[in-house]
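The structure under discussion appears below in the form of structure tokens.
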Amino acid sequence: MSFKYAGRFNSFVFKNATVYDAIDSYTNMKGITHLEFNYPEHFTGYDIEEIIRRKKHLGVNGLAVRWRGADFKPGDFTNENPKTREKVITMCREAVDICRKLDGSVVTLWLENDGFDYPFQMDYSRAWEQIVEGVRDVADYAAGSEGKKEIRISIEYKPYEERNFAMVDSTGMTMYLLEEIARDNVGCTLDFCHMLMKHDNPSFGIALAARRGKLFGLHMNDGYGWQDSGMIFGSVNPVLALEFIYYLRKYNYQGVVFFDTFPIREDPFKETQANIDAFEKINGIIDRIGMEKIADVIRAKDGVKVSELVLDMFK
Ligand SMILES: [Mn+2]
């Protein structure tokens, strides 16, 4: 099984490159197939036609909405200022429009400010309903119709940061939210570091989402679990990475693999390439061992057999 890959624009942009420079780098990188933008930051001051010219053979996976600025700090969908909340939804609709224009597939929503810090700060039930209704509104706008491509809306949970508690803080909570939203074009994006932060088992998470057809996106990276480390995939938890790719293959994941990593001290081109190389290498190990052999070990539920399998994988 072969995978589609995209890298993080800000790995380049935060080192004084332009979005155009980053696109040029991706067109020269081995394995990159798609682009993944943030909205509005990667479009402000850039020309969409020029982006389309530069991307050459690369496809567009989609856009992630970023609500930045003081107005949004108290909340995104849970913002109590009706004008700001309207702006939150309008920005999602604008991202859907650009996604269609670029022939992308998915708009990712990380509800950065929809959380709380203090006891007695949040009417939890009201906030939950505001999220359900807000995302539904965006989903209906993104639904397919005559001459309009369906755009998928994907919720990316993170347990904490920026707020002490996020409203959507785990795989289970995300699945519960999707159930309440009840729209075919709403699913989730699972971020490996965010799952480690929550002590959510990454493979359990993809199984829960994929068995319902709700795994719309992946943010791959690695870390130690206590913060959003954004390190190279497979560099800290290679066994969890092996198990993760096994389940992606088991559920025949057809979406894009986006590397949400932070090469602060590394060269961004080499670091993105290292992510792709790690993913391919680990996928190759699954090939060598074989899906059936791994399924046999899982069926046995025996820790000793698991240890033997892992040592075989590292041969
Ligand atoms: Mn992410």
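A compact table of results
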| quantity | calculated |
| --- | --- |
| Enumeration of residues in the stretch 265-298 that are under 16 Å from Ile245 (Cβ atoms), among the polar types (S, T, N, Q) and out of contact with any Phe, Trp or Tyr (no Cβ under 8 Å at 6 or more places or on another chain) | none |
| Output for the stretch 150-171, where each listed residue is away from the ligand (no atom under 13 Å from the Cβ), farther than 19 Å from Ala95 by Cβ and in a loop (DSSP other than H, G, I, E, B) | Tyr160, Glu162, Arg163, Asn164, Met167, Asp169, Ser170 |
| Set Asp184, Asp140, Asp169, Asp222: member being more than 30 Å from Pro82 (Cβ to Cβ) and among the charged types (D, E, K, R) | Asp222 |
| Check on Val65, in contact with a Cys (Cβ under 6 Å, 6 or more places away or on another chain) and within 25 Å of Asn164 (Cα to Cα) | yes |
| Matching residues in the stretch 57-74 - criterion: being away from the ligand (no atom under 16 Å from the Cβ), of a type in the set (Gly, Ala, Ser) and either modelled with pLDDT under 95 or within 19 Å of Val256 (Cβ to Cβ) (or both) | Gly59 |
| Near pairs, Cβ below 6 angstrom, 6+ apart or cross-chain, from the stretch 172-190 (more than 14 Å from Leu215 (Cβ to Cβ)) to any residue that is buried (at least 20 other Cβ atoms within 10 Å of the Cβ) | Leu177/Val168; Ile181/Val135; Arg183/Ala139 |
| Cβ-Cβ under 7 Å pairs, at least 6 apart or on other chains, the stretch 194-218 side within 20 Å of Lys4 (Cα to Cα), far side outside any strand (DSSP E or B) and of a type in the set (A, V, I, L, M) | Pro202/Met195; Pro202/Leu240; Ile206/Leu248; Ala209/Met175; Lys214/Leu178; Leu215/Ile206; Leu215/Ala209 |
| Residue within the stretch 55-71 that is among the hydrophobic types (A, V, I, L, M, F, W, C) and exposed (fewer than 13 other Cβ atoms within 10 Å of the Cβ) present | yes |
| Residue in the stretch 196-213 that is within 16 Å of the ligand (Cβ to nearest atom), part of a loop (DSSP other than H, G, I, E, B) and closer than 26 Å to Ile23 by Cβ present | no |
| Any hit, the stretch 243-264, residues being of a type outside the set (A, V, I, L, M, F, W, C), assigned to a helix (DSSP H, G or I), more than 16 Å from Asn201 (Cβ to Cβ) and without any contact (Cβ under 8 Å) to a residue 40 or more places away in the chain | no |
| The stretch 73-94, subset of a type in the set (Val, Ile, Thr) and either in contact with a Lys or Arg (Cβ under 7 Å, 6 or more places away or on another chain) or in contact (Cβ under 8 Å) with a residue 24 or more places away in the chain (or both), residue surrounded by the fewest Cβ atoms within 10 Å (Cβ to Cβ) | Ile89 |
| Single condition Thr174 does not satisfy, out of (1) out of contact with any Cys (no Cβ under 6 Å at 6 or more places or on another chain); (2) of a type outside the set (D, E, K, R); (3) within 16 Å of the ligand (Cβ to nearest atom) | (1) |
| Residue match in the stretch 141-149 (condition: more than 15 Å from Gly75 (Cα to Cα), under 16 Å from the mean Cα position of the chain (by Cα) and part of a helix (DSSP H, G or I)) | no |
| Test: residue in the stretch 220-239 that is within 16 Å of the ligand (Cβ to nearest atom), within 15 Å of Asn201 (Cα to Cα), of a type in the set (A, V, I, L, M, F, W, C) and not in a helix (DSSP H, G or I) | yes |
| Cβ pairs under 9 Å, 6+ apart, first in the stretch 133-149 and without any contact (Cβ under 8 Å) to a residue 24 or more places away in the chain, second exposed (fewer than 12 other Cβ atoms within 10 Å of the Cβ) and of a type in the set (A, V, I, L, M, F, W, C) | none |
| Residue match in the stretch 264-273 (condition: within 21 Å of Met1 (Cα to Cα) and within 16 Å of the ligand (Cβ to nearest atom)) | yes |
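Yes/no matrix, rows are residues, columns are (1) farther than 28 Å from Asn185 by Cβ; (2) at pLDDT below 95; (3) surrounded by 21 or more Cβ atoms within 10 Å (Cβ to Cβ):
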residue: Met220; (1), (2), (3): no, no, yes
residue: Val236; (1), (2), (3): yes, no, no
residue: Phe269; (1), (2), (3): yes, no, no
residue: Ile285; (1), (2), (3): yes, no, no
residue: Leu309; (1), (2), (3): yes, no, no
residue: Lys315; (1), (2), (3): yes, yes, no
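The values are calculated or read from the model by the stated rules, or taken from the named source; none is laboratory data. Because the structure is predicted, anything quoted here is derived from the model rather than measured. So basically every Cβ, Gly included, is an ideal-geometry build from the backbone, and we count neighbours across all protein chains shown.
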